[in-house]
Amino acid sequence: MNKAELIEAIASKSGLTKKDAGAALDAFTATVTETLAKKETVALIGFGTFATSERAARDGVNPSTGAKIKIAATTVAKFKVGAKLKEAVK
C-alpha cells in the first residue's frame, strides 16, 4: 500500500474527504518525526511504539574494494510492534 492508497483507506473508514485524510496523515507523520527528533517516544497502545536508538561507531568493510572504513555513530528510528497488532498479523 502506498501513501495515496492509505489516504483513500483512511477516508473511506473515517468518513473524511481524501483531502482531510491526507492532511491528517501528514500531520501524524510530521508529529512523529518532530517527537523522534527530540529523542522522545510515541506510544500507541496496542499498535506499537516509535522510538530512537543510538547506534555506536564501528568499523566496516567496503564490499567493492575490501577497504576498511569507519562508520560514524548515529541515531536511528525504531518501531516496536504492540500486542494487538502482533496478534492481528499472526
Worksheet, complete the sentence: Subset of segment 53-75, residues touching a residue at least 12 places away in the same chain (Cβ under 8 Å) and farther than 30 Å from VAL42 by Cα, comes to ASP59, LYS70
Discussion item. Looking at VAL76, VAL61, VAL32 in this structure, which one is at pLDDT 95 or above and in contact with a Ser or Thr (Cβ under 7 Å, 6 or more places away or on another chain)?
Written reply: VAL76
Practice prompt. Would you point out the residue of segment 58-90, among those that are in a helix (DSSP H, G or I) and among the hydrophobic types (A, V, I, L, M, F, W, C), that is nearest to VAL32 (Cα to Cα)?
Written response: LEU85
Worksheet item: If you check GLY82 against the conditions, is it modelled with pLDDT of 95 or more, on the phi < 0 side of the Ramachandran plot, surrounded by 10 or more Cβ atoms within 10 Å (Cβ to Cβ) and not aliphatic (A, V, I, L, M)?
Response: yes
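Being farther than 23 Å from ALA83 by Cα, in a helix (DSSP H, G or I) and within 18 Å of the chain's Cα centre (by Cα) is true for just one of ALA21, ALA11, ALA30. Which residue is that?
Working: ALA21 fails: within 18 Å of the chain's Cα centre (by Cα); ALA11 fails: within 18 Å of the chain's Cα centre (by Cα).
Going through ALA21, ALA11, ALA30 in turn, just one is farther than 23 Å from ALA83 by Cα, in a helix (DSSP H, G or I) and within 18 Å of the chain's Cα centre (by Cα): ALA30.
The values are calculated or read from the model by the stated rules, or taken from the named source; none is laboratory data. These numbers come from a predicted model, not from an experiment. Every residue, glycine among them, receives a Cβ derived from its backbone with ideal geometry; neighbour counts consider all protein chains shown.
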